[in-house]
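First up is the structure itself, then whatever we jot down about it.
The values are calculated or read from the model by the stated rules, or taken from the named source; none is laboratory data. Because the structure is predicted, anything quoted here is derived from the model rather than measured. Counting neighbours? That spans all protein chains shown, and the Cβs are built from the backbone with ideal geometry, glycine included.
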Amino acid sequence: MPKDKFVKILSRVVPIKIENIDTDQIIPARFLKATSKDGFGDNLFRDWRYDNQNNPIAAFPLNDKKYAGSILVAGKNFGCGSSREHAAWAIEDYGFRVVVSSFFADIFKNNAMNNGILPVQISDSFLLEIFNEVEKDVNSEIEVDLENQKITIVKTGKSEGFEINSYKKQCLINGYDDVDYLLSQKEAIGKFEKNRGEIFFYK
Amino acid sequence: MGKTLFDKVWDSHVISQIDGGPSVLYIDRQFIHEVTSPQAFTGLEQRGVSLFRPSQTTATADHNIPTIDQHLPIKEQLSAFQVQKLKENCEKNNITYYGLGHENNGIVHVVGPELGYTLPGMTMVCGDSHTSTHGAFGSVAFGVGTSEIEMVFASQCILQPKPKKMKITVDGKLGKGVTSKDVILYILSKLTASGGTGYFIEYAGSAIEALSMEARMTVCNMSIELGARGGIIAPDETTFNYLKGRKYAPQGDAFTKAVAFWKTLKSDSDAIFDTEFTFNASDIEPMLTFGTNPGMGMKISQSIPTLDTIDSAGKETYSKALEYMGFAPGEKLLGKTMDYIFVGSCTNGRIEDLREVASIVKGRKKADNIYMYIVPGSKLVEKQAIAEGLDKIFEAAGIQFRQPGCSSCLAMNEDKVPKGKYCVSTSNRNFEGRQGPGSRTILVSPLTAAAVAITGKITDPREFL
Ligand code: SF4
């Protein structure tokens, strides 16, 4: 289904300074029993957010009132492990629109963009700068400009460009959806199937 | 310039290339299971679109099912509903479905190959990251998210950017007691859990060629643990012999013709990879993990790396991982007492894995401090194990032999390891809480798991060989 259009985002950030955050941490397997996409935000980072008596762990950034905003900033290799798209649904459902890291796992990156979340990959040094900035001033804001592919620490004016392929960029900006695109290609797909010839015994 | 095996398979499935964007990639076969598919069916329904090529999708229930009393209705309500939903969705959309108790049921990545669905030269996807397993046959196979499952339902295609290519060569001969699981854990310990991100890996070299099909699947299976989209191994006589006579593989003349085509599936000698690594088989020993990602591994006899060997940005994460595991930097794990042992999963739940465990536990008893269960990867594996009397060997050793499913690999069902307990596991992920909230996982080969079963402590399996 078409998603909300992605415009420029200006927001405070929630920092999680941990590397290799895998999708089992983002949404543990025991919460994958639902058959719809709704409500996963409640269990985002469940086992880091709550202890075994279900009491919030105060020190975890999502529970720490001083942090807020629609930008999540995390250590490198974010979203590794399981391909569960539930991780992207949980992040979106919680209210994040951007995840910033110095490295993303491939499947997570696709899943995020397919759900209107922008993964912004920046250098290790700029990531550290953002972490340091938030440590100094939790109210410091970040601007993510998709059109110009630029991320800026507003207060210091420091910025860095980021990569995104132009097709995906257009999809996010216009709220387009890959399935709609593929449905428009059915004729070409049918032709491809017909012309493949005999060497494919895959029926 | 020559082409790599990966290029050959990928390029022959590209229908078109979007300017500055991904390729429209045709998918020959899709597997689905109960956990990641329901929202894709709903999406399709909301669009009012019907399934484009239902015969090219196959379904099995594996992630969220019990591993005992499978003839009874599933007790846990949400799980029962999820499995029922898969059955209904398959019926409604004309998809072949292997439900609980069906002779073809099992973990999706075990079932595909053993039934001959997985063939060289194919493109395959599944809403599960370990779809990389199927690359052992020379197919381009990778895990996808639910949105992409919906794309395949709607058009038999997905939009994908082409990954870069990496070649990992392992030459030489593996030592006694060193298995393909140790090979991939060794590679992981060298390249880290993100070392393969953005790449598709071709495995080559004499040590890889010498592996059985099942052992090759173990290597390709854990490619995703390197962050790679998938792994691929050129098909050869080992591959063709394995496929011959499999239920859904080509038969008779068609098989002969297929083999002629499959023989063309290899990297050209002048093909260029974006990155290459070479390892020596004789450097590899039985391996285990000590941390909370599969890249945190070492030789069984080694000590856990000390903090000064870790780069500064990673120190915090490293310390957090060791703290979670209850280990200290510099500590040796040999001789450390364990609690649980899980043998199973799409990494090491096949018949050869079970035979390896049996080869050590036969005529012995498991240690009293160990709670151990073996979960076969599929109904066919279960049947074969019983035919060979392996079930009796396990029972006599005090080890439970259960019914097929993913079980403690991801602990969605009841098979959870309690908080703080150590679980020696033949599965693929040692993330925090992967085997149950607070569980501590140590990844090993089936041989090592069997050695630990007998002594109750981390033990080098070569002591038993
Ligand atoms: S056994 Fe584990 S890794 Fe394999 S498909 Fe099941 S959950 Fe995924």
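Quick check, is B:S359 within 16 Å of B:A215 (Cβ to Cβ), touching a Ser or Thr at 6+ places or on another chain (Cβ under 9 Å) and assigned by TED's automatic domain parsing to the domain that holds B:S445?
No: the conditions fail for B:S359.
If you scan the stretch A:111-156, which residues turn out to be within 14 Å of chain B (Cβ to nearest Cβ) and in contact with a helix residue (DSSP H, G or I) (Cβ under 7 Å, 6 or more places away or on another chain)?
A:N111, A:A112, A:M113, A:N114, A:N115, A:G116, A:I117, A:P119, A:D124
Go through (1) over 25 Å from B:V219 (Cα atoms); (2) crowded, with 24+ Cβ neighbours inside 10 Å; (3) among the small types (G, A, S) one by one and return the number of the condition B:S378 breaks.
That leaves (1) as the condition not met.
Considering only the stretch B:335-368, state which residues are within 16 Å of the ligand (Cβ to nearest atom) and on the phi > 0 side of the Ramachandran plot.
B:G344, B:S345
How many residues does the stretch B:302-319 contain that are part of a helix (DSSP H, G or I) and either at pLDDT below 95 or more than 10 Å from chain A (Cβ to nearest Cβ) (or both)?
10
Could you please find all residues in the stretch B:102-117 being within 14 Å of the ligand (Cβ to nearest atom) and within 13 Å of chain A (Cβ to nearest Cβ)?
Answer for the stretch B:102-117, where residues must be within 14 Å of the ligand (Cβ to nearest atom) and within 13 Å of chain A (Cβ to nearest Cβ): B:V108, B:H109, B:G112.
When the residues of the stretch B:58-89 are filtered to those that are of a type in the set (G, A, S) and assigned to a helix (DSSP H, G or I), which remaining residue is nearest to the ligand (Cβ to nearest atom)?
Per the stated criteria, the residue is B:S79.
Given the structure, is B:I442 surrounded by fewer than 24 Cβ atoms within 10 Å (Cβ to Cβ) and of a type in the set (V, I, T)? Even if it seems obvious, please write down each step before you answer.
Details: surrounded by fewer than 24 Cβ atoms within 10 Å (Cβ to Cβ): no; of a type in the set (V, I, T): yes.
In short, no.
Within the set of pairs 6+ apart or on separate chains, which have a first residue in the stretch B:26-46 that is in contact (Cβ under 8 Å) with a residue 60 or more places away in the chain and facing another protein chain (nearest Cβ under 8 Å), a second that is assigned to a strand (DSSP E or B) and not hydroxyl-bearing (S, T, Y), and C-beta atoms under 7 Å apart?
B:Y26/B:I15; B:Y26/B:C157; B:D28/B:M124; B:R29/B:M124
Of the conditions (1) within 16 Å of the ligand (Cβ to nearest atom); (2) in a strand (DSSP E or B), A:V120 fails just one. Which one is it?
(1)
For (1) out of contact with any Phe, Trp or Tyr (no Cβ under 9 Å at 6 or more places or on another chain); (2) assigned by TED's automatic domain parsing to the domain that holds B:V144; (3) crowded, with 19+ Cβ neighbours inside 10 Å, each residue gets a yes or a no:
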residue: B:I232; (1), (2), (3): no, yes, yes
residue: B:N241; (1), (2), (3): yes, yes, no
residue: B:P250; (1), (2), (3): no, yes, yes
residue: B:T275; (1), (2), (3): no, yes, no
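List pairs: first in the stretch B:163-189 and charged (D, E, K, R), second surrounded by fewer than 23 Cβ atoms within 10 Å (Cβ to Cβ) and at pLDDT below 95, Cβ under 7 Å, 6+ apart or cross-chain?
Final answer for the pair search is B:K164/B:G198; B:K176/B:L465.
If you scan the stretch B:390-446, which residues turn out to be within 16 Å of A:D22 (Cα to Cα) and β-branched (V, I, T)?
Correct list: B:T441 only.
Consider the stretch A:73-91. How many of its residues are among the basic types (K, R) and either in a strand (DSSP E or B) or under 10 Å from the mean Cα position of the chain (by Cα) (or both)?
Residues meeting the conditions: 0.
Please go through the stretch B:233-256 and pick out each residue that is free of Cβ contacts under 8 Å to residues at least 12 places away in the same chain and in contact with a Pro (Cβ under 9 Å, 6 or more places away or on another chain).
Hit for the stretch B:233-256 is B:T256, nothing else.
So which residues in the stretch A:165-183 are acidic (D, E), surrounded by 19 or more Cβ atoms within 10 Å (Cβ to Cβ) and more than 7 Å from chain B (Cβ to nearest Cβ), if there are any at all?
Filtering the stretch A:165-183 for residues acidic (D, E) gives A:177-178, A:180.
Add one more test, that the residue is surrounded by 19 or more Cβ atoms within 10 Å (Cβ to Cβ), and what stays is A:177-178.
Scanning the stretch A:165-183 gives a single hit, A:D177.
Working carefully through the options A:D4, A:D38, A:D22, find the one that is more than 14 Å from chain B (Cβ to nearest Cβ) and under 25 Å from B:S37 (Cα atoms).
One residue alone meets the criteria, A:D4.
B:L51 versus (1) away from chain A (no Cβ under 12 Å); (2) of a type outside the set (F, W, Y); (3) within 16 Å of the ligand (Cβ to nearest atom): which is the lone unmet condition?
(3)
Look at the stretch B:328-351 and say how many of its residues are crowded, with 18+ Cβ neighbours inside 10 Å and in contact with a helix residue (DSSP H, G or I) (Cβ under 9 Å, 6 or more places away or on another chain).
Qualifying residue count, the stretch B:328-351: 13.
Restricting attention to the stretch B:320-359, and to residues there that are polar (S, T, N, Q) and within 14 Å of another protein chain (Cβ to nearest Cβ), which single residue is farthest from B:Q435 (Cα to Cα)?
Applying the filter and picking the extreme gives B:T347.
Listed here are the residues, each with its yes/no results for (1) within 16 Å of the ligand (Cβ to nearest atom); (2) in contact with a helix residue (DSSP H, G or I) (Cβ under 6 Å, 6 or more places away or on another chain); (3) of a type outside the set (F, W, Y).
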residue	(1), (2), (3)
B:G121	no, yes, yes
B:H130	yes, yes, yes
B:T133	yes, yes, yes
B:G143	yes, yes, yes
B:T146	yes, yes, yes
B:K167	no, no, yes
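To keep it simple, each residue is scored yes or no on (1) basic (K, R); (2) away from chain A (no Cβ under 14 Å).
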| residue | (1), (2) |
| --- | --- |
| B:L243 | no, no |
| B:G252 | no, no |
| B:K257 | yes, no |
| B:W262 | no, no |
| B:S267 | no, yes |
| B:D270 | no, yes |
| B:D274 | no, yes |
| B:F277 | no, yes |
| B:A281 | no, yes |
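Could you tell me whether the stretch B:175-190 includes any residue that is acidic (D, E), crowded, with 24+ Cβ neighbours inside 10 Å and in contact with a helix residue (DSSP H, G or I) (Cβ under 7 Å, 6 or more places away or on another chain)?
We begin by selecting, within the stretch B:175-190, every residue acidic (D, E); these are B:182.
If we keep only those that are crowded, with 24+ Cβ neighbours inside 10 Å as well, we get B:182.
Adding the requirement that they be in contact with a helix residue (DSSP H, G or I) (Cβ under 7 Å, 6 or more places away or on another chain) leaves none.
No, the stretch B:175-190 contains no residue that is acidic (D, E), crowded, with 24+ Cβ neighbours inside 10 Å and in contact with a helix residue (DSSP H, G or I) (Cβ under 7 Å, 6 or more places away or on another chain).
Does at least one position in the stretch B:199-214 carry a residue that is within 12 Å of chain A (Cβ to nearest Cβ), within 26 Å of B:I15 (Cα to Cα) and not basic (K, R)?
Scanning the stretch B:199-214 turns up at least one residue that is within 12 Å of chain A (Cβ to nearest Cβ), within 26 Å of B:I15 (Cα to Cα) and not basic (K, R).
Which residue out of A:F96, A:F108 is under 18 Å from A:E163 (Cα atoms) and buried (at least 16 other Cβ atoms within 10 Å of the Cβ)?
Unique residue meeting the criteria: A:F108.
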